[in-house]
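What follows draws every value from the coordinates through simple rules; no lab data is involved. Values in this document were obtained by computation on a predicted structure and should not be read as measured data. Reconstructed Cβ throughout: ideal geometry from the backbone, glycine too, with neighbour counts over all protein chains shown.
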Amino acid sequence: MEGHVSPGSYKDVVLFLATAGVVVPLFRRWKISPILGFLGAGVVLGPSGLGALTDAVPWFGYFTIDNPEEIAQLAEFGVVFLLFMIGLELSWERLRLMRRLVFGMGGLQVALSLAAIAACGIMLGLPLPAAVSIGAALALSSTAVVMPILTEAKRQHSMAGRATFSVLLFQDLAVAPILITLAILGRRGGEGLSPEILTAFAPAVAGIVALLVFGRFLLRPMMKSVARAKSEELFMAACLLVVMGAGLVSAVTGLSMALGAFIAGLLLAETEYRHEVEVTIEPFKGLLLGLFFLSVGIGLDVRLLAAEPLLVIGTMLGVVILNATVVFGLGRLFGLANGAAIESALLLAAGGEFAFVILSQAMGDGLVDRALGQTILVASTLSMMCIPGFAAMGLKLGGRKLTGEALAEQPSTSVDPDQPQVLVVGYGRVGKLVGDMLGRHDIAWVAAERDPRLVEAARRAGEHIFYGDAARPEFLKRCGLETAPALVVTMDSPEGVEAIVATAREMRPDLTIVARARDARHAARLYELGATDAVPETVEASLQLSEAVLVEIGVPMGLIIASIHERRDEFRKVLNRPEALGGRTRRARRAAPT
């Protein structure tokens, strides 16, 4: 078998991976979305950047992308995975609770911004299909850039954050109908809407119904079967199959792959596998989304900015001002305070990633002239690069640091069902009892369990529980550890308990952690790893046996309870001393393998 390998065949892949290795750490250190870094890198590595200088400096060719078409084809999956993750973040219940802001404020924003931009285009002499296409592209903001900014600033639960998320969600929902409409207009040569268009939606409706039926009746059993195999590789393969399969079904019926992936995510959000799927898919989403924006940067003709700076910058400023004005007005109409409305307006003023998807299709279908489309894309990209600055300006002008008191002041119209909950890891006999006691005291809690059979039984009983590995920081984060008042670890695996306690303590130094210990030595180890309280099974069993015999022989209950508490406190003091682990030093215990 021939073993010859051509290094040039892998040059584009190596360039992308090298770009990711440089851009992501650097931009995260600067607290700027890496998306902007990928856009800039695409411009530099594309034909408008170093590629334009290869004739003068031939060795620049080693640092340019040779096959942008292949990159663009693979990069489309970045948007597919993004929409899938957005679907996972939601649920039918959350969508119902947020319907006023999502379908009210979000729907009006898309309609008004689209109409206003299209009207400006018509006044400038553009035909109706071109004006509508450009209006649809520029009316949508950037979920990929705005949401990470809100999350890093811890403002996703603020008034402005909830309103912004609701508008972005409707924009994401609107992408598929926009693409379908443009495709039909393109096939009809740019003619207006007609009754025949309604029948053209029939295959799309059939595809959505098929996805809903499959997701409702077959998705959970499939994931349960995969989870029982206890194979991380098989679980990852199943997750990728769901995303790709739903996307392909959607594409076959005339919809976008992104919409199919979104529906699949929305259906999985109702299952106990939601958080484990999120943790599994996140690396693929991040990498493919970076590839998508790299591809967008490669396709941008930045020479237009040098040739027509007034036109490009003027278009960008016009779109930003128009979108900000619409969002601010709607924010005030829907009850947002001035400050929150200003912050939302600035966050949503710029263009977004779907402008590239919509305009690419419109240019391909002949609805928008390519030269004009490229100018609009450059203007949209410039506005996206301004989003971090807009966000900082919005926080300064209208935002405020979101404390617990400020969160409590948020009106009930912007409902978010995620409230701080005690996290119980392990839902066997001990975990069930802990959950029952928390429930009796009206304390909200959520459980995590690795055994799919226990998860399934608890779900049937109506408990709030998720399948997944709680030793992974990302999984704990998605289960609400960052806001949880306490963590209770009830697993019967000593090594597993130690891993979770160490991970949780590193993530939350202020968190109350109560852990189940095998014996006194194990309890001492857990105290060293950061447990607030470790409960040894052997010690507690001994104390309960002592209590039972003292009661039976007639000792007064008050004296028994006092002595039990006193003895328990003595055990805690002993277990917290350095010699509790047989004389090893505290430093040695910390360094000991688990």
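Tabulated data for the structure shown
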quantity	calculated
Degrees between helix 274-299 axis and first principal axis of the chain (Cα, 0 to 90, nearest 10)	30
Segment 199-335, relative contact order in percent, only Cα pairs under 8 angstrom and at least six apart counted	21
Estimated FRET transfer efficiency (PHE60, GLU547; beta-carbon r; R0 56 Å; 0.05)	0.10
Burial order of peptide ranges 486-498, 450-462 (average beta-carbon count within 10 Å, highest first)	486-498, 450-462
Size of charge dipole - the chain - debye, nearest 20, with Cβ of Lys, Arg +1 and Asp, Glu -1, no other charges	1040
Gyration tensor (alpha-carbon) shape descriptor, segment 49-124, a/c threshold 1.5	oblate
Whole-number percent relative contact order across the chain, with pairs defined as alpha carbons under 8 Å at least 6 apart	16
Rounded to 10°, Cα long-axis angle of helix 107-123 versus longest principal axis of the chain	20
Segment 422-591, relative contact order in percent, only Cα pairs under 8 angstrom and at least six apart counted	16
Cα-centre dipole for segment 422-591 with unit charges at Cβ (Lys and Arg positive, Asp and Glu negative), debye to 20	540
Three-way shape label, segment 422-591, alpha-carbon gyration tensor, a/c 1.5	oblate
Helix-derived mean residue ellipticity, 222 nm - over the chain, DSSP H n ≥ 4, -39500 (n - 2.57), to 500	-21000 deg cm²/dmol
Cβ-based charge dipole, segment 422-591, positive-most Cα from LEU423, LEU550, ALA471	ALA471
Between segment 55-87 and segment 262-340, the Cα center-to-center distance that results, in Å	18
Cubic angstrom per residue, convex hull over Cα atoms of the chain	208
Helix axis angle, 338-347 relative to the chain longest principal axis, alpha carbon, degrees	60
Protection proxy ranking, peptides 335-341, 221-227, average beta carbon neighbours within 10 Å, highest first	335-341, 221-227
